[in-house]
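The block underneath contains the structure these notes are about, expressed in structure tokens.
The values are calculated or read from the model by the stated rules, or taken from the named source; none is laboratory data. All values reported here derive from a predicted model rather than from experimental measurement. Every residue, glycine as well, gets a Cβ built from its backbone with ideal geometry; the counts of neighbours run over all protein chains shown.
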């Protein structure tokens, strides 16, 4: 997943837990939008299959395909967003003191489609890395 902006700055700004919460809210928003678009696409398909006129048929077919395609994209984007957030959340436990999400990012490294965050526990200063 490509992160817009600087992930390290986002996590250090409000903390890991708030960043994680925002990612989940965004992912579930994509699910809700995708569901609405799929329902709208089904409605446009029903109008298209009604065969009122050629103009209405073309418009309904176009809107149906755009709605269904956009709805599918929303579902893929939701899976990507929630999956990446969950993957980082599973690694955000300090091995030393077992604190969850109490981290500050020290640096980040981008390599061949992967991202490594070098983090430090706020409670005990134990360093480790998170990979995405």
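Within the range 75-94, is there a residue that is out of contact with any strand residue (DSSP E or B) (no Cβ under 7 Å at 6 or more places or on another chain), in a loop (DSSP other than H, G, I, E, B) and in contact (Cβ under 8 Å) with a residue 60 or more places away in the chain? Break it down into steps so the answer makes sense when it comes.
Kept after step one, since they are out of contact with any strand residue (DSSP E or B) (no Cβ under 7 Å at 6 or more places or on another chain), are these residues of the range 75-94: 75-87, 89-90.
Imposing the further condition that a residue be in a loop (DSSP other than H, G, I, E, B) reduces the set to none.
No.
Residue-by-condition table, conditions (1) surrounded by 17 or more Cβ atoms within 10 Å (Cβ to Cβ); (2) within 24 Å of residue 129 (Cα to Cα); (3) in contact with a helix residue (DSSP H, G or I) (Cβ under 6 Å, 6 or more places away or on another chain):
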site: 36; (1), (2), (3): no, no, no
site: 62; (1), (2), (3): no, no, no
site: 68; (1), (2), (3): yes, no, yes
site: 83; (1), (2), (3): no, yes, no
site: 107; (1), (2), (3): no, yes, no
**Request:** Taking only the range 100-132 into account, find how many residues are closer than 19 Å to residue 13 by Cα and part of a loop (DSSP other than H, G, I, E, B).
**Result:** 5
**Request:** Test residue 43 against the stated conditions and say whether it is assigned to a helix (DSSP H, G or I), out of contact with any strand residue (DSSP E or B) (no Cβ under 8 Å at 6 or more places or on another chain) and modelled with pLDDT under 90.
**Result:** yes
**Prompt:** Regarding residue 24, is this residue more than 18 Å from residue 8 (Cβ to Cβ) and either part of a helix (DSSP H, G or I) or out of contact with any helix residue (DSSP H, G or I) (no Cβ under 7 Å at 6 or more places or on another chain) (or both)?
**Reply:** yes
